Amino acid sequence: MISQKSIQEIREAAKVEDIVGEFVTLKKRGVNLLGLCPFHNEKTPSFTVSPAKNIYKCFGCGESGGPVNFIMEHESLTYPEALRYIAKKYSIELDETVPSQEAIQERQAMDSLFLINDFAQKYFEKQLFETETGKLIGLPYFKERGFNEETIKKFGLGYAPKGGKLFTEKAIKTGYKLELLQKAGVTSKKGYDFFRDRMMFVIHNLTGKVIGFGGRTLSTDPKSPKYINTPESEIYVKNKSLYGIYFAKTAIRKADECIMVEGYTDVIALHQSGIENTVASSGTSLTVGQINMVKRYTPNIKILYDGDPAGIKAAIRGLDMVLEQDMNVKVVLLPTGEDPDSYLKKVGADTFKEYIDTNANDFILFKTQLLLDETAGDPVKRAALIKDIVESIAKVRDPIKRSVYLRECAGRLEVDEQILISETNKILYRGLQKRQQQADAQRATDNAPPPHSAADAPPEEGMPPGQAAPKSRELNDNFQEKDIIRLIVEHGDKMLEGETTVATYVLSNIEEVLEEFDDAVCQKIITEAYDLLRSKKPVEPQYFLNHTDTSIPDLAISLIHSPHEYSSNWEDRWNNPLQTQPMPGENFKQDALTGVNRFKFKKIVRLCEKNQVRLKTAQDAKNTEELMHLLKLQQKLNGIREELGKELGTVGAIK
């Protein structure tokens, strides 16, 4: 385990412009640097590096972070691996503490499984290239599929020979324990080789480590399964793995699209033809874990299906979860009888690319047409179809996209658009109610106070009149909350007067409303800042920018890093500096004063409204003692609101 002292030394030494500059050509623009984003394909630079803040942000795809984050994302390294990478670059000697015995054993167990899989991959590859059987049976199989030797070696393909324990005995003789071989899934529980007389495909994780295998039988026995996979283990979880993702991730980012196919050979064939942004779900229905792997690199998925209608109908019913993850899904139906591998061989790479580009259909529209054809002439089935389509449209988070789908599908289904809108809104409302009930149940478990009444909340966009969504006033207060967080993150350690820092001033002035933050991440940051102050530690930007909870640096960077900046030409070229206020980056004093007052005003208005509800309850219950107490509180709150209103030049509540 790398000590906190070394981590701090790395953070202080690492310059984002040096780290990013190794991979991206950067050009100076004002106080920042600009270049083409390495995480997605773009022609106009939107990737901005801020040396002063030691952060980067792409205003095209949203990727952001500091030097360590960049290395983790770009090189697909873990946090410790990224730290070691940077330490080596800056010649920093790492102080690594000895972890607990339990942690050591867990790490050693994981490492052992990786080592065994690596040994197995090399064994299968050697069997393919260096044994008589491999040369006579294995290599011809792959070459008949059109794979050249370079591709075979790139994907680590191999051959598992016949015989009960050939591999297992070799592994044990080399020094690997039977128990670990069984745990890795390369040896059966009875001690036999798990893969026998099969062509071997290697499954890698995001960093390129071997986590499992897929074996295709060479037997003609109909009882023998065509493919078998390594059993799940600590390092191989099937629903969180995608075949080819290690080789495809860079191409996916550059193309800003992931092509999804079904089988191993489809992936390999497309990669060999230059279509490298391709992965496979390995015969399973897509899972949330697999979708989130793709989402790290692109929001766009293009799924290729062969011409089997029955298979397609079964497959597309599981794609609603992709929409729930806010992904854009297109479907390509290949000609009847063709799979990606066979069709690629038939027409060649250029024609194949052209075909999948021109025949890519939006998933919802594709599903609508497919089900329309299936239900032609049957009004009962047609009614069920409309409900099915509406369920899919309701999964789309973006209200603009949702409205476009509703309009388009209304035309295709020959149904009044308003009917579809109404049905969609009902589904959305049921979803909101369900989430509210779950939140209420959780709060009851945690003994937390209830949020604002659903009746007081603004209606959800797209909801029917009179059906207010059960949500908090987050949207109303969001700007003020985030402005307070911006002050804390960007200027928290700067001095206002005497020994008072911005963080001290802000937190001491909003202490009575610290629990009133609606945004969960804002609440995390404000709580941590308060804890830092109480521990007499500085509230510095780097604390939040390098936080291990990724939601904190994500928000912090978005708040302090803007695509716009004050042009130095005002002073350098035209000799016309700012005269009525300090430069934007140095105007934190007025920023703090105004930001605190606006935030307090919003929250005091809220407390007034909440107290009004309590007043009415006490009045209805004729509880005189409680009523008098609440009236005094209301008087005090109104006084604070009036005073803040005067300072802000505001009359009444901010809406």
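Scanning the range 180-189 for residues that are surrounded by fewer than 24 Cβ atoms within 10 Å (Cβ to Cβ) and in a helix (DSSP H, G or I) yields Leu180, Gln182, Lys183.
Residue under question is Phe124, and the condition is that it be of a type outside the set (Ser, Thr, Tyr), in contact (Cβ under 8 Å) with a residue 40 or more places away in the chain and either within 26 Å of Ser233 (Cα to Cα) or out of contact with any Asp or Glu (no Cβ under 6 Å at 6 or more places or on another chain) (or both); does it hold? Yes. Taking the condition surrounded by fewer than 20 Cβ atoms within 10 Å (Cβ to Cβ), free of Cβ contacts under 8 Å to residues at least 24 places away in the same chain and acidic (Asp, Glu), does Asp373 pass? The answer is yes for Asp373. Restricting attention to the range 481-536, the residues that are in contact with a helix residue (DSSP H, G or I) (Cβ under 6 Å, 6 or more places away or on another chain), polar (S, T, N, Q) and modelled with pLDDT of 75 or more total 0.
For the range 531-552, a residue qualifies if it is assigned to a loop (DSSP other than H, G, I, E, B) and either of a type in the set (Phe, Trp, Tyr) or on the phi > 0 side of the Ramachandran plot (or both), and exactly one does: Lys536.
Is it the case, given these coordinates, that Gly244 is farther than 30 Å from Glu75 by Cβ and either surrounded by 18 or more Cβ atoms within 10 Å (Cβ to Cβ) or touching a helix residue (DSSP H, G or I) at 6+ places or on another chain (Cβ under 8 Å) (or both)? Spelling it out, it is not the case that Gly244 is farther than 30 Å from Glu75 by Cβ and either surrounded by 18 or more Cβ atoms within 10 Å (Cβ to Cβ) or touching a helix residue (DSSP H, G or I) at 6+ places or on another chain (Cβ under 8 Å) (or both). If you go through the range 149-168 and keep only what is without any contact (Cβ under 8 Å) to a residue 40 or more places away in the chain, within 9 Å of Asp193 (Cα to Cα) and part of a helix (DSSP H, G or I), you end up with Leu166, Thr168.
Residues of the range 125-149 that are out of contact with any Lys or Arg (no Cβ under 8 Å at 6 or more places or on another chain) and either more than 30 Å from Lys346 (Cβ to Cβ) or not assigned by TED's automatic domain parsing to the domain that holds Val202 (or both): Lys126, Gln127, Glu130, Thr131, Glu132.
Pull up the range 181-193, narrow it to residues that are touching a Leu at 6+ places or on another chain (Cβ under 7 Å) and in contact (Cβ under 8 Å) with a residue 60 or more places away in the chain, then point me to the one that is farthest from Gly212 (Cα to Cα). Among them, the one singled out is Lys183. Determine whether the range 248-271 contains at least one residue that is surrounded by 24 or more Cβ atoms within 10 Å (Cβ to Cβ), under 26 Å from Gln108 (Cα atoms) and not hydroxyl-bearing (Ser, Thr, Tyr). For the range 248-271, residues surrounded by 24 or more Cβ atoms within 10 Å (Cβ to Cβ), under 26 Å from Gln108 (Cα atoms) and not hydroxyl-bearing (Ser, Thr, Tyr): absent. Once the range 324-375 is narrowed to residues that are in a helix (DSSP H, G or I) and among the acidic types (Asp, Glu), the residue that is nearest to Asp256 (Cα to Cα) is Asp357.
Would you call Ser76 surrounded by 19 or more Cβ atoms within 10 Å (Cβ to Cβ), farther than 19 Å from Asp549 by Cβ and among the polar types (S, T, N, Q)? So Ser76 does not fit the description; no. Which of the residues that make up the range 39-60 are surrounded by fewer than 19 Cβ atoms within 10 Å (Cβ to Cβ), modelled with pLDDT of 85 or more and under 22 Å from Arg296 (Cβ atoms)? The answer is Ser46, and nothing else.
The values are calculated or read from the model by the stated rules, or taken from the named source; none is laboratory data. In this text the structure is predicted, and so the values were computed from the model without any measurement. Using ideal geometry, Cβ is built from the backbone for each residue, glycine included, and neighbour counts are taken over all protein chains shown.
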